[in-house]
Amino acid sequence: MSQVLPAEGGLRRVIGDGSSAPDGEVDGLGSEELLALYRNLVLLRTYDERSVVYHRQGRIGTYAIFWDHEAMQVGSTFALEDHDWIFPSYRFSAIGLLRGMPVSTVLQWWRGHPAGWWNPEEYGVASICVPIGTHVPHAVGFAWGSKLKGEDRVAIAHFGDGATSEGSFHEGATFAGVMKAPVVLFCNNNHWAISTPVAEQTAAPTFADKAIGYGMPGVRVDGGDVLAVYDVTREAVARARAGEGPTFIEAVTYRAAPHATADDPSLYVDEERVAEARENECIGRYERYLTRLGVLTEERAAEIKQEALERMRAGIAEAEAEPPADVGLVFEHAYAEPPPGLSEDLAELRRILGE
Ligand SMILES: Cc1ncc(C[n+]2csc(CCOP(=O)(O)OP(=O)(O)O)c2C)c(N)n1
Ligand SMILES: [Mg+2]
């Protein structure tokens, strides 16, 4: 097995461009696995594109778009065992679909319906984390705890470039290094934290350079190359499982969509780089790779896209068929001993809602 190199300058890449950059390959992936990766990429892309439409139709709330971030989610999840745990940020909200979570569950999360919260043990996927970086110590603590219990589990935490400026990231990474926790710190460097560019986020040459300060290897990978992401994550997971401790992965991409449905990036984004990123988006690249390999035909690709679309249609129908949640839930579980007046507030709310 190859070694993860500390803070490589260049990006790991497997998929070529069909001309001057040659295609590589990854050990252990036959055509069935290569197609499974493709199916998962398409599922996430379809989820994302439909969600933007559902948002515009008023059927889900504000939504954090992950267009062209699919390769990072699919490649890294494919490198895990089923009993390993994933700690996602809001950017990777639908990563549970790769673990068999129903589409309707994730849609309900974005609809603010309690049915959008799942039991993490069921899928090995923790709750979607909205506060930036606070799930990094959770993932590290989970991994360290698993190690103490003699379990064979690895945890992976997904966060953005901006999250590396947070205290939670620092605390989690410090702890992971010192305790040799079996964790993978997966940083999606999409060059933006809403409108803050990476140059204002750190003075370090790369985010992977930060790893050395925590005593762990840092590796940089092309975040749009699903096979390279799989490969680096697989190495990091093997390292963690072998008791050698954490790895920091910097997966590099350029955010080609707004931060979320409430954002207007035309005020700050570099349009030329967006155009370049859209041209080179991760699914098209992988489709062309599979076609060169003779693994994918146009008909097969069309069938896979149709299947994903049908899953989404069924998912939104299922979500919308669910009765609205009881507003009383907002008041429950907040206090062990509810303060006086809370029951009056609930009664007032019920009156306003005509219940
Ligand atoms: C603790 C905290 N501070 C601020 C915010 C507001 N906020 C939401 S997304 C975001 C940017 C995060 O950027 P990055 O970590 O690069 O992740 P990306 O959105 O690019 O995936 C900020 C500052 C928040 N959610 N939590
Ligand atoms: Mg970012």
Net charge (Lys, Arg +1; Asp, Glu -1) of residues whose beta-carbon lies under 11 Å from that of Ile60, Ile60 excluded, is +3
Regression test value, accessible area per residue of segment 90-168, probe 1.4 Å, units Å², expected 36 Å²
Ordered by number, the chymotrypsin sites (Phe, Trp or Tyr not before Pro) in segment 80-145 that occupy a DSSP loop and have at most 16 other Cβ atoms within 10 Å are Trp117
Computed for the chain: size of charge dipole around the Cα centre, +1 on C-beta of each Lys and Arg, -1 on C-beta of each Asp and Glu, debye to nearest 20, value 320 debye
Ranking Val14, Val130 from most to least accessible area with a 1.4 Å probe gives Val130, Val14
Here, Arg288 and Glu244, labelled 7 Å along Cα→Cβ, have an inter-label distance in nm of 3.4 nm
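Tell me the mean residue ellipticity at 222 nm calculated for the chain from its helices only (DSSP H runs of n ≥ 4, each -39500 (n - 2.57), averaged over every residue, nearest 500). Show your work: numbers first, answer last.
Values: 11 runs with 146 residues, N = 355.
It lands at -13000 deg cm²/dmol.
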With +1 at each Lys and Arg Cβ and -1 at each Asp and Glu Cβ, the charge dipole magnitude of segment 301-355 around its Cα centre, to the nearest 20 debye, comes out at 200 debye
Mean separation of Cα contacts under 8 Å (at least 6 apart) over the residue count of segment 1-125, i.e. the relative contact order in percent, is 19 percent
Interchain or sequence-distant (5+) residues whose placed amide H lies within less than 5 Å of the amide H of Val125 are Ile86
Sorted on mean Cβ neighbours within 10 Å (highest first), peptides 320-327, 224-231, 146-153 come out as 224-231, 146-153, 320-327
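Got a number for carbon plus sulfur as a percent of segment 254-355's accessible area, 1.4 Å probe?
Whole-percent figure for carbon plus sulfur exposure: 53.
Enter the accessible area per residue of segment 204-304 (Å², integer; probe 1.4 Å; all protein chains in place).
Result: 41 Å² per residue.
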Applied in sequence order to segment 174-179, the curve 6.51 cos²θ - 1.76 cosθ + 1.60 (Karplus, θ = phi - 60°) yields integer Hz couplings, x standing for Gly and Pro, of 4, 4, 4, x, 5, 8
Computed D for the chain, Stokes-Einstein, Kirkwood radius over alpha-carbon pairs, 20 °C, 1.002 mPa s, to the nearest µm² per second, is 101 µm²/s
Taking protein heavy atoms only, a 1.4 Å probe, and rounding to whole percent, the accessible area of segment 34-147 owed to carbon and sulfur comes out at 53 percent
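Using 0.36 nm per residue of separation minus the Cα-Cα distance, give me the extension gain between Arg278 and Ile352 in nm, one decimal. Provide the component values of the computation, followed by the final result.
Details: separation 74, 0.36 × 74 = 26.64 nm, distance 4.67 nm.
Result: 22.0 nm gained on full extension.
Expected output is a single nm value to one decimal: the length gained when fully extending between Glu171 and Ser343, i.e. 0.36 nm times separation in residues minus the C-alpha distance. What is it?
Values: separation 172, 0.36 × 172 = 61.92 nm, distance 3.94 nm.
Once the chain is fully extended between Glu171 and Ser343, it gains 58.0 nm.
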One finds, for Glu271 and Arg56 with R0 = 22 angstrom and r their Cβ-Cβ distance, a FRET efficiency to the nearest 0.05 of 0.50
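The values are calculated or read from the model by the stated rules, or taken from the named source; none is laboratory data. Being a predicted model, the structure only gives us computed values, none of them experimental. Using ideal geometry, Cβ is built from the backbone for each residue, glycine included, and neighbour counts are taken over all protein chains shown. Just the protein is used for accessible areas: all its heavy atoms, side chains included, with ligands, DNA and RNA removed. Shrake-Rupley method; radii C 1.70, N 1.55, O 1.52, S 1.80 Å.
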